[in-house]
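Student: One structure is given below, represented as structure tokens, and several questions about it will come after.
Every number in this text was worked out from the coordinates using simple rules, so none of it is lab data. Note that the coordinates shown come from a computational prediction; the quantities given were computed from them, not determined experimentally. Here the Cβ positions follow ideal geometry from the backbone for every residue, glycine too, while neighbour counts run over all protein chains shown.
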Amino acid sequence: KIIVIGSNGQIGTELVMNLRAKYGIDQVIASDIRPTDNPLTSSGPFELVNVLDKNILRSLFERHRPTQIYLLAAILSAVGEQKPKLAWELNMDGLINILDFAVEFKTAKLFWPSSIAVFGPHSPREDTPQFCVMDPNSVYGFSKLAGERWCEYYYSKHGLDIRSIRYPGLIGWRSEPGGGTTDYAVDIFHQALAKGEYQSFLSADTALPMMYMEDAIRATVELMEAPAYKISIRSSYNLAGISFTPAQLSAEIKKHLHDFEISYADFDPRQAIADSWPKSIDDTYAQNDWGWKQKFDLASMTADMLENLKK
Ligand code: VAH
């Protein structure tokens, strides 16, 4: 059995759909802290799971003895700055609980998402390398950095086959983002179609590493399918996709929706988070270790998003 924890989230929703298509609906148990009526998730087995409740987790592992776990439950960067202690507790204690149960129940493989948020103001900002100074100043960012250290520690000390990707901002049409700093890049498409305009909470020239959800899910599956001997990074892999600014994304949307207008908010707390992150990522390790190659660029992502959201 495969268990996806945090299946109601932006990544979890699409991951459950993909894993069920691959392994069979009944082999993939979706789980989250609250129920969902999303047909993408509720079409198969679902359980209510709180990663901070060890009794619930023990029951989950005892009843299913999962071969794979995908732990996606987290509080993201923007919400994390509003609820710093809860973000630290959920992101850290949730991970450590799962690591301990995975060791106890000998789970064969685990996936845990990190983020480009692990880099900080003193990290190189262009083509940010796999190894460099990392001084993240968001609670989400340093919880992900600490989480990477725990993942590598449980690999080294317990031989746990846990794998991880430092996701860029993710853009998809099947699910909504949940409280991040890159959420503008999803909201803009919905607003462009609904109202022909969008007010960006990030400034026009804020370049960030982004990726189309199709590519992010494929990368996740490819990493998890790679033979263990090929995995040289047990903290978390840099993964590059597309790097663009709100102005560049707006111009691309305008090619399809000629009357679309973008405006910019005077101030938003998420600007400071974005300004502490890289503009672009170097993913040489992912390319060399397990053959990563992105497929979508800004033009094809924009066309695909609008095509699917119009339906
Ligand atoms: C966030 N979408 O904005 C997440 C992601 C790189 C960004 O970690 O917090």
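Student: Kindly work out what percent of the DSSP beta bridges joining two residues of the chain are antiparallel, to the nearest 5.
Tutor: Just about 10 percent of them are antiparallel.
Student: So, in nm, how far is label Ser42 from label Tyr229 when the simple model puts each one 7 Å beyond its Cα toward the Cβ?
Tutor: 4.7 nm
Student: What's the extension gain from Ile25 to Lys157 if we count 0.36 nm per residue and subtract their Cα-Cα distance?
Tutor: 44.1 nm
Student: Below 8 Å between Cα atoms, with a sequence gap of 6+, how large is the relative contact order for the chain in percent?
Tutor: The value is 19 percent.
Student: What net charge is computed for the residues neighbouring Val4, neighbours being all others with C-beta under 10 Å from the C-beta of Val4, Lys and Arg scored +1, Asp and Glu -1?
Tutor: 0
Student: If the elastic network links every pair of Cα atoms under 10 Å, which of Ile69, Ile231, Ile56 fluctuates the most in the Gaussian network model of the chain?
Tutor: Ile56
Student: Say the cut-off is 24 Å between C-alpha atoms; which of Lys230/Lys293; Lys1/Lys144; Lys157/Lys230 go over it?
Tutor: Too far apart for the 24 Å limit: Lys1/Lys144.
Student: Dipole size in debye (nearest 20) for the range 1-116 around its Cα centre, Lys and Arg Cβ +1, Asp and Glu Cβ -1?
Tutor: Computed charge dipole of the range 1-116: roughly 280 debye.
Student: Here is a further query. Have a look at Val16, Val139, Val186 and tell me which one the Gaussian network model of the chain (Cα, springs below 10 Å) gives the largest fluctuation.
Tutor: Val186
Student: Between the range 289-311 and the range 43-80, how many Å separate their Cα centres?
Tutor: So the two Cα centres are separated by 29 Å.
Student: Once you put a point 7 Å from the Cα of Asp297 and another 7 Å from the Cα of Gln271, both along the Cβ direction, what distance in nm separates them?
Tutor: Simple spin-label model gives 3.1 nm for this pair.
Student: For the chain, what is the Kirkwood estimate of the hydrodynamic radius, computed as the reciprocal of the mean inverse distance between distinct Cα atoms, to one decimal in Å? Please list the in-between numbers first.
Tutor: On the way: mean 1/r = 0.0508 Å⁻¹.
Its Kirkwood hydrodynamic radius stands at 19.7 Å.
Student: Name the trypsin sites (Lys or Arg not before Pro) in the range 230-286 that are in a loop by DSSP and that have at most 16 other C-beta atoms within 10 Å, would you?
Tutor: Answer in residue order: Lys255.
Student: Among Asp266, Asp100, Asp205, rank each residue by its count of other Cβ atoms within 10 Å, from fewest to most, as a rough exposure measure. Walk me through the numbers on the way to the answer.
Tutor: On the way: Asp266 5, Asp100 15, Asp205 11.
Lowest count first: Asp266, Asp205, Asp100.
Student: Reachable lysines from Lys311, Cα under 27 Å, same-chain residues fewer than 8 places away excluded?
Tutor: Of all the lysines, those that pass the test against Lys311 - Cα under 27 Å, at least 8 places apart if same chain - are Lys22, Lys195, Lys254, Lys255, Lys295.
Student: Is any residue of the range 143-164 close enough, with backbone N under 19 Å, to a label point placed 7 angstrom from the Cα of Ile33 along the Cα-Cβ axis, and if so, which?
Tutor: 143-145, 147
Student: Here's something else I'd like to know. Straight-line reach from Lys54: which aspartates and glutamates have a Cα under 17 Å away, not including same-chain ones fewer than 8 places off?
Tutor: Result set, ordered by chain and number: Asp32, Glu62, Glu89, Asp93, Asp100, Glu104.
Student: Then there is this: Just tell me, in residue order, which DSSP H segments of the chain are both 24 angstrom or longer along the helix axis (alpha-carbon based) and at least -1.0 in mean Kyte-Doolittle hydropathy.
Tutor: Qualifying helices, which must be both long enough and hydrophobic enough, are 139-158.
Student: Still on this structure, I have one more. Roughly how big is the chain's charge dipole about its Cα centre, with Cβ charges of +1 (Lys, Arg) and -1 (Asp, Glu), in debye to the nearest 20?
Tutor: So the dipole magnitude of the chain works out to roughly 960 debye.
Student: Full extension from Glu261 to Glu176: what is 0.36 nm times the residue separation minus their Cα-Cα distance, to one decimal in nm?
Tutor: 28.4 nm
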